Amino acid sequence: METAWLTLPAMGGLIGWMTNRVAIRALFRPLRPWRVPGLGWTIQGVVPRRQADLARALGEVLDRELLSLADLRDHLRGLPVEGRVAEAVDRIVREAVLARLPALVPRGWAVQLAERLGREARREVLLRFPELADSVLAAAEGELRLGTIVERKVLALDPAGVEALAVRLAGRELRFVEWSGAVLGFLVGLFEALLVSL
């Protein structure tokens with residue numbers, strides 16, 4: 001009778017921990033479909049079996065609720081990229097002018113012309129960057145689907161990669177679920193020991 005106060009809570013805790021651990025593993029394992037010989041059943045983890053559905057749902061949630069194209073556009077507008085774009089255009093124009101001017105044009109004149117055209121292009125980019133950025137973002141908005149990209153990336157992962165990603169994202173929470181089972185099982189074992197001792 002006195003050993004029940006030790007064995008029942010210990011067994012309850014162990015059973016609770018093992019049950020939750022097996023349930024969490026069953027989300028991911030077996031990675032590939034496995035046929036039970038003689039029964040004709042096919043066993044596979046929930047996540048690998050429904051990877052395509054999960055990828056599509058994740059893409060839809062991203063598009064509808066987490067990161068819309070309007071959010072992305074607003075974020076991109078706030079980035080300080082005008083100066084870098086203007087510098088790149090300046091460099092490209094100078095290089096193009098120097099590459100295309102005939103060899104008959106004296107080198108000094110060619111360099112001056114290239115520098116002047118580069119500076120003008122840089123100035124125009126800085127003046128018109130908001131308009132340019134809006135037109136590029138508007139064109140991208142019609143074609144860019146972030147959810148589709150995420151869906152394709154998740155589908156490209158092998159089932160072990162999906163499991164590793166889930167564990168990396170929610171590892172602490174999964175361990176909490178395992179240990180919660182142990183604690184609840186321990187408490188149930190204490191209650192059973194109390195009932196046995198009555």
If Val177 passes every condition in (1) closer than 30 Å to Leu14 by Cβ; (2) modelled with pLDDT under 90 but one, which one does it miss? (2)
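When you look at Ala55, is it surrounded by 15 or more Cβ atoms within 10 Å (Cβ to Cβ), small (Gly, Ala, Ser) and in a helix (DSSP H, G or I), yes or no?
Yes, satisfied.
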Suppose we keep only residues that are surrounded by fewer than 17 Cβ atoms within 10 Å (Cβ to Cβ) and not in a helix (DSSP H, G or I) within region 1-30. Which one would you say is modelled with the highest pLDDT? Pro30
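Residue-by-condition table, conditions (1) within 22 Å of the chain's Cα centre (by Cα); (2) outside the structural domain of Met11 (by TED's automatic domain parsing); (3) closer than 30 Å to Ala4 by Cα:
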site	(1), (2), (3)
Ala96	no, yes, no
Arg100	no, yes, no
Ala103	no, yes, no
Gly118	no, yes, no
Glu141	yes, yes, no
Arg152	yes, yes, no
Phe176	no, no, yes
Phe191	no, no, yes
Val196	no, no, yes
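Each row is one residue, and each column tells you yes or no for (1) assigned by TED's automatic domain parsing to the domain that holds Ala164; (2) touching a helix residue (DSSP H, G or I) at 6+ places or on another chain (Cβ under 6 Å); (3) among the polar types (S, T, N, Q).
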site: Pro9; (1), (2), (3): yes, yes, no
site: Ile15; (1), (2), (3): yes, yes, no
site: Val22; (1), (2), (3): yes, no, no
site: Ala26; (1), (2), (3): yes, no, no
site: Val61; (1), (2), (3): no, no, no
site: Pro80; (1), (2), (3): no, no, no
site: Gly83; (1), (2), (3): no, no, no
Can you tell me which residue within region 133-183, out of those that are of a type in the set (Lys, Arg) and part of a helix (DSSP H, G or I), is surrounded by the most Cβ atoms within 10 Å (Cβ to Cβ)? Arg175
Could you pull out the residue among Trp34, Trp5 that is of a type outside the set (S, T, N, Q) and in contact with a strand residue (DSSP E or B) (Cβ under 8 Å, 6 or more places away or on another chain)? Trp34
Residue match in region 86-108 (condition: assigned to a loop (DSSP other than H, G, I, E, B) and of a type in the set (D, E, K, R)): no
Out of Leu72, Leu127, Leu117, Leu98, I need the residue that is surrounded by 12 or more Cβ atoms within 10 Å (Cβ to Cβ) and either closer than 28 Å to Gly171 by Cα or in contact (Cβ under 8 Å) with a residue 60 or more places away in the chain (or both). Which one? Leu72
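The values are calculated or read from the model by the stated rules, or taken from the named source; none is laboratory data. Bear in mind the structure is a predicted one, so any value in this text is a computation, not a measurement. Because the Cβ atoms are built from the backbone with ideal geometry, glycine has one as well, and the counts that use them run over all protein chains shown.
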